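The values are calculated or read from the model by the stated rules, or taken from the named source; none is laboratory data. Because the structure is a prediction, the values reported are computed rather than measured. All Cβ positions, glycine included, derive from the backbone under ideal geometry; neighbour counts span all protein chains shown.
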Amino acid sequence: MARSVTEWVTVTGDISIIARESGGVWFHSPSCTKEGVDPFATPMTGAGAAGSTVGLLDGAINLGFAGIEKRLARPDPTLVNYTVALVGAYHTSVDTPRNLQRAARRFNELGRPEVAAYLEERAREETGHDRLALKDLRALGLPAERLVANFVPEGIKPLCKRFDDLCVQDYPIGCIGYSYCLERIAALKQKTDVEKVQAMCPDGVDATRFLRSHSGLGSEVTHVEETIEFVASLPANDRISVVQETYESALIMAEGYNHEFLKSEAEMLAELQQAVGEALPYRLSSYPSHGEKRGARPAARAE
Ligand SMILES: [Fe+2]
Ligand SMILES: [Fe+2]
């Protein structure tokens, strides 16, 4: 009988993630083991399996978000913070196909057509998602193009830069970890999250195209499943790099959440109005002050 697969990756100086094919996941600190007998001190070299690879990937996200998890107790959306989230969603989507195609070309040059094919497929699937965010912004009565041209939420900037940087590396395997992180978190959103947004939109306004497609209701679930299968099929060195980047991306995303989370509704509204150079339509500007004391929904949540 084939032995169950165990995979492990060191993501920080003192924490490794260990995952079994059967589903168990542990965070392991080398200092906890007896001297000289840490079997996880050397990088894994064996084949992967979907059951253990998903444990590593999701373990990396959980670890990256560990510092803020409690503070992000899913605050209710408001029109102001949802608008900021849509602008963030636009910026994390607009360059995705081009970036993935660039990484795919590099893998073709490197003689890795299977990675190139995976990235090309992803690039096709992600094409047009920026336009979903623009349509949603327009549906809310906003000058969408002007808004996204003049405003990138602070919490989103490092995330966009990370993806740009990853895709131009000589060996751009990390872009898979970044994409997994964003898609996995998006896929956690459920029907109730969409309904909450729909409930606060004016009658007849559909501003949830991007959210629906980047939630547990849309294509994101399939994207996540396909990525897990693909990463599991990669050589150990690649799986290690992908998991390490999933962790780094989760850290950057968590910091971005924190940044946006600390802002008040008034601050966010001021940023939006400054970007468009005018007072926003009544649906936003007349938004009552009861949102002031709430935590802002983080910008990255829409992706
Ligand atoms: Fe997308
Ligand atoms: Fe996706």
Condition (residue is under 17 Å from the mean Cα position of the chain (by Cα) and at pLDDT below 95) applied to segment 74-82: is it met by at least one residue? yes
Which of the residues spanning segment 103-123 are within 18 Å of the chain's Cα centre (by Cα) and basic (K, R)? R122
Where the second residue is within 12 Å of ligand 1 (Cβ to nearest atom) and of a type in the set (D, E, K, R) and the first is within 26 Å of E226 (Cβ to Cβ) and lies in segment 180-198, which pairs have Cβ atoms under 6 Å and are six or more apart or on separate chains? L182/E303; E183/E220; A186/E220; A186/E303; A187/E220; V194/R212
Among the residues of segment 98-120, is any within 23 Å of E225 (Cα to Cα), within 13 Å of ligand 1 (Cβ to nearest atom), surrounded by fewer than 23 Cβ atoms within 10 Å (Cβ to Cβ) and in contact (Cβ under 8 Å) with a residue 24 or more places away in the chain? no
If you check every pair at least six apart or on different chains, which have Cβ atoms under 9 Å apart with a residue in segment 125-151 that is more than 23 Å from M200 (Cα to Cα) and within 16 Å of ligand 2 (Cβ to nearest atom) first and a residue that is of a type in the set (G, A, S) and part of a loop (DSSP other than H, G, I, E, B) second? E125/S219
For segment 175-208, what are the residues that are charged (D, E, K, R) and within 11 Å of ligand 1 (Cβ to nearest atom)? E183
When segment 144-158 is examined, which residues are found to be under 21 Å from A279 (Cα atoms), aliphatic (A, V, I, L, M) and in contact with a helix residue (DSSP H, G or I) (Cβ under 6 Å, 6 or more places away or on another chain)? A144, L147, V148, V152
Filter segment 135-185 down to the residues that are small (G, A, S) and part of a helix (DSSP H, G or I), then identify the one that is surrounded by the fewest Cβ atoms within 10 Å (Cβ to Cβ). A149
Can you tell me how many residues in segment 190-227 are within 15 Å of A49 (Cβ to Cβ) and either more than 16 Å from ligand 2 (Cβ to nearest atom) or surrounded by 18 or more Cβ atoms within 10 Å (Cβ to Cβ) (or both)? 1
So which of A199, A250 ends up being among the hydrophobic types (A, V, I, L, M, F, W, C), assigned to a helix (DSSP H, G or I) and over 19 Å from the mean Cα position of the chain (by Cα)? A199
Could you list, ordered by first residue, the pairs with Cβ atoms under 8 Å in which the first is in segment 210-239 and under 10 Å from K189 (Cα atoms) and the second is among the β-branched types (V, I, T) and in a helix (DSSP H, G or I), at least 6 apart or interchain? L211/V194; L211/V197; R212/V194; S215/V194; L217/V194
Selection within segment 229-245 - crowded, with 18+ Cβ neighbours inside 10 Å and among the aliphatic types (A, V, I, L, M): V231, A232, L234, I240, V242, V243
Just give me the residues in segment 201-254 being out of contact with any Ser or Thr (no Cβ under 8 Å at 6 or more places or on another chain) and among the hydroxyl-bearing types (S, T, Y), in sequence order. T208, S215, T222, S233, S241, T246, S249
Scan of segment 6-38 for residues that are at pLDDT below 95, touching a Ser or Thr at 6+ places or on another chain (Cβ under 8 Å) and farther than 22 Å from E248 by Cα, ordered by number: S22
